[in-house]
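Engineer: I'd like to ask you about the structure that follows.
The values are calculated or read from the model by the stated rules, or taken from the named source; none is laboratory data. None of these values were measured; they are calculated from a predicted model. Glycine also receives a Cβ, built like all others from the backbone with ideal geometry; neighbour counts cover every protein chain displayed.
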């Protein structure tokens, strides 16, 4: 590999023999080096391939502005996340996570700790991402000796939720989380039950809500596949309580976001509510 740009003593941008670009981390890789020289490959610790169609140039600028340890830490956290959940995250996670960690550490060093108003919702609705955030805190302690509270884990978790959902704007992810909380309140008030959060039906319900609300809040409604209301009428008659819950949820979404559910969406949501509230329930 050939050096193309030196960020600092330990982080460089390099190019291989077929023209692929990488960010390369290693102790002393950039020390007293110049662009055009060969990379000392025995010093390489981490490599990250830059994909022009996926990773904005901002990543390179960001790496140049921060120390190599921030990139190494972010890479370690993302590696753990991929091991736990698979390679399902938008590449923007590198940018957002490095940026977040950099300023979070600066805040903590000034004793400026932030509380996350959505802490409990994030922990409840995104348990896998939250566990990644908790693990990230242990890695931050290992690298920087800082003990951060779990509010910070929830902030980190939101970056992974966002990256799993295609790298949409963080505000959209926040809105989805708030809407999910309101919907669960409607459901709990209607049924007076505590859902089994370890059940398969609960997991399916959460997943359905997340993707449904992304479409709803963005105004990307699914259109009904059929021209008649036969299935809709059948579901309405067969599951009246679940259907009433769906009606209240639709009313909330119309008032809050100005978007109403399609017939198909009402059918799907009613079926999910029926399943999640008739199996493994516990009274409140």
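Engineer: Quick check on this structure: which one of 114, 97 is in contact (Cβ under 8 Å) with a residue 40 or more places away in the chain and assigned to a loop (DSSP other than H, G, I, E, B)?
Structural biologist: Answer to the selection: 114.
Engineer: Next up: For residues in region 135-160 being in contact (Cβ under 8 Å) with a residue 24 or more places away in the chain and outside any helix (DSSP H, G or I), which is farthest from the chain's Cα centre (by Cα)?
Structural biologist: Taking the candidates together, the pick is 146.
Engineer: So which of 183, 132, 88, 122 is under 27 Å from residue 22 (Cα atoms) and part of a helix (DSSP H, G or I)?
Structural biologist: Testing whether each residue is under 27 Å from residue 22 (Cα atoms) and part of a helix (DSSP H, G or I) leaves just 132.
Engineer: Turning to a different aspect of this structure: Given (1) modelled with pLDDT of 85 or more; (2) touching a strand residue (DSSP E or B) at 6+ places or on another chain (Cβ under 8 Å), identify the lone condition not met by residue 194.
Structural biologist: (1)
Engineer: Would you confirm, using the coordinates I've provided, whether residue 106 is in a helix (DSSP H, G or I) and at pLDDT 95 or above?
Structural biologist: Considered against the rule, which asks whether it is in a helix (DSSP H, G or I) and at pLDDT 95 or above, residue 106 comes out as no.
Engineer: Ok, one more. Before we move on, is residue 280 surrounded by 14 or more Cβ atoms within 10 Å (Cβ to Cβ) and modelled with pLDDT under 90?
Structural biologist: For residue 280, the condition - surrounded by 14 or more Cβ atoms within 10 Å (Cβ to Cβ) and modelled with pLDDT under 90 - is met.
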